[in-house]
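Encoded as structure tokens, the structure appears first; notes follow it.
The values are calculated or read from the model by the stated rules, or taken from the named source; none is laboratory data. These figures come from a predicted structure and were not determined experimentally. Cβ placement follows ideal geometry from the backbone for every residue including glycine, while neighbour counts extend to all protein chains displayed.
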Amino acid sequence: MLNYNRICFSLVICFFLSIAAASPAAGEGGESEGTYREGKLVFIPSVEASYQYDSNYYLDETNEVSANTYVLKPGFEFGYTTPKSSVLLDYYLSFNEYTGDDLIKDDDYIGHDLSLDAQTQATDHFLLGIEENYRKSRDRGSLDTLGNDANREKYQTNDLSPWVFYSINDTWGMGAKYTYSILDYADNVNEDSMAHLGAFNMEYNLNRTSFLDLEYNIWVRDYDRDTSDYTSNQVILSYIKEFRLFSLSAGAGYHDRSFDDISANDFGTFVWEFILRGAYNKTNYLFTIDHNANDIGESEQYYKGLNIYAEVGRLFYDKFEVELAVTFRNRDYETSDRDEDVWIFSGGADYLFTDRFSLGVESGYETRDSNEAGRDYDNKYILVRAGLNFDVAPR
């Protein structure tokens, strides 16, 4: 498979260019593509090819190893809606090949990413749904939104979530959701775990553009080996408001965590989040800030985490999109004096040749500053990608 991905990478680029040149743009003689029209079937197959260079692939302070990553990612989006029900299914298969150091060549793998969302309006008041998310990857950022692990080990996750929402009237509503989650590593070094999560919320519509949401979450994480199992309880009150040019969401609450092992120290923390997003005159922006405790803490590596993210993008000539982003993360550990800051700066551009074919490039710099020796790192990366998609559903 080592040479196969590289050959496919080159062939797919040529294929993209030939198809893009021959394909008419959406809107020529018909409506735009890629929309989920009521009662209509949507099927959008796609393929993406990418190349990424990392100067410090394993994010090590002293032994920096550069890597070239080639990814071929075919997949599809499927959707069907009726007046009372909808089914949305996304699936992507990724062939990942690494070149560089001899150790990196052992990291080659085939990844999977599946997302299913189905719901139905069972009665005038009851909305029922189910969600399924499965992933097989080495992407360290997808395990925990407050993660701090530089681990590149292969893993698979599976989350199954049935849910129900009851609309009492035009003002009040309430919902419940259960999630069964599994984390399974491919190696025998990292510790597998599973979790049961329950969520209950009450919504109050203040008016047509704003509402309050009170949510209570309880979850239990069970580790396979030595790490202590725990139970978390969290309550958060959020305010959501839609304006003409932007929207905002602000919430605050408290998170309490207790461990089964009496030698592990229980702890709690205030949680908060703020999201601001908007668009004006072909410029879009996003700013988020959130604070909470991390979910996955193998060997009791738990901390209070702060994330700040800002992004701005601009579309030029309806074809050329430029985006700049900056991320800041702080990790304050509970079981030690360890404290770390991570900064990520990135910028990229995408050119839309047609509604079906795009070519993009992105570059970034990531650095971590830790008060513990051996945990600092710097990594520079550059990413080149090309994507092609079609809407082949019948009209």
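Details
- So Asn284, is it within 30 Å of Glu321 (Cα to Cα) and among the polar types (S, T, N, Q): yes
- Scanning region 71-120 for residues that are of a type in the set (S, T, N, Q) and under 20 Å from the mean Cα position of the chain (by Cα) yields Ser94, Asn96, Ser115.
- Candidates Asp261, Asp337: the one that is acidic (Asp, Glu), touching a Ser or Thr at 6+ places or on another chain (Cβ under 8 Å) and over 30 Å from Leu212 (Cβ atoms) is Asp261.
- Filtered by the rule that a residue be more than 30 Å from Gly360 (Cβ to Cβ) and assigned to a strand (DSSP E or B), region 282-305 gives His291, Asn292, Ala293, Tyr303, Lys304.
- The set of residues in region 353-395 being surrounded by fewer than 17 Cβ atoms within 10 Å (Cβ to Cβ), closer than 27 Å to Leu59 by Cβ and either of a type in the set (Val, Ile, Thr) or over 24 Å from the mean Cα position of the chain (by Cα) (or both) consists of Val361, Thr367, Asp369, Asn371, Glu372, Ala373, Gly374, Arg375, Asp376, Ile382, Val384.
- Looking only at residues in region 202-211 that are assigned to a strand (DSSP E or B) and among the polar types (S, T, N, Q), the one that is farthest from Ser161 (Cα to Cα) is Asn207.
- Identity of the residue in region 267-307, at pLDDT below 90 and not polar (S, T, N, Q), that ends up surrounded by the most Cβ atoms within 10 Å (Cβ to Cβ): Gly297
- Tally, over region 308-336, of residues that are surrounded by 16 or more Cβ atoms within 10 Å (Cβ to Cβ) and outside any strand (DSSP E or B): 1
- Within region 154-186, considering residues that are touching a Gly at 6+ places or on another chain (Cβ under 8 Å) and among the small types (Gly, Ala, Ser), the one surrounded by the fewest Cβ atoms within 10 Å (Cβ to Cβ): Ala176
- Filtered residues of region 337-357 (kept if under 30 Å from Asp318 (Cα atoms) and either modelled with pLDDT of 95 or more or part of a loop (DSSP other than H, G, I, E, B) (or both)): Ile344, Phe345, Ser346, Gly347, Gly348, Ala349, Asp350, Tyr351, Phe353, Thr354, Asp355, Arg356
Here's the yes/no breakdown for (1) at pLDDT 95 or above; (2) in contact with a strand residue (DSSP E or B) (Cβ under 8 Å, 6 or more places away or on another chain); (3) assigned to a strand (DSSP E or B); (4) under 21 Å from Trp172 (Cα atoms):
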| residue | (1), (2), (3), (4) |
| --- | --- |
| His196 | yes, yes, yes, no |
| Phe200 | yes, yes, yes, yes |
| Asp213 | yes, yes, yes, yes |
| Ile218 | yes, yes, yes, no |
| Arg225 | no, no, no, no |
| Gln234 | yes, yes, yes, no |
| Tyr239 | yes, yes, yes, yes |
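- Residue within region 255-262 that is in a strand (DSSP E or B) and under 23 Å from the mean Cα position of the chain (by Cα) present: yes
- Just one of the listed residues (Asp339, Asp350) is surrounded by 14 or more Cβ atoms within 10 Å (Cβ to Cβ) and under 24 Å from Glu77 (Cα atoms), namely Asp350.
- Qualifying residue in region 308-325 (condition: hydrophobic (A, V, I, L, M, F, W, C) and under 22 Å from Leu197 (Cβ atoms)): no
- Across region 151-178, the number of residues qualifying as out of contact with any Phe, Trp or Tyr (no Cβ under 7 Å at 6 or more places or on another chain) and at pLDDT below 85 comes to 1.
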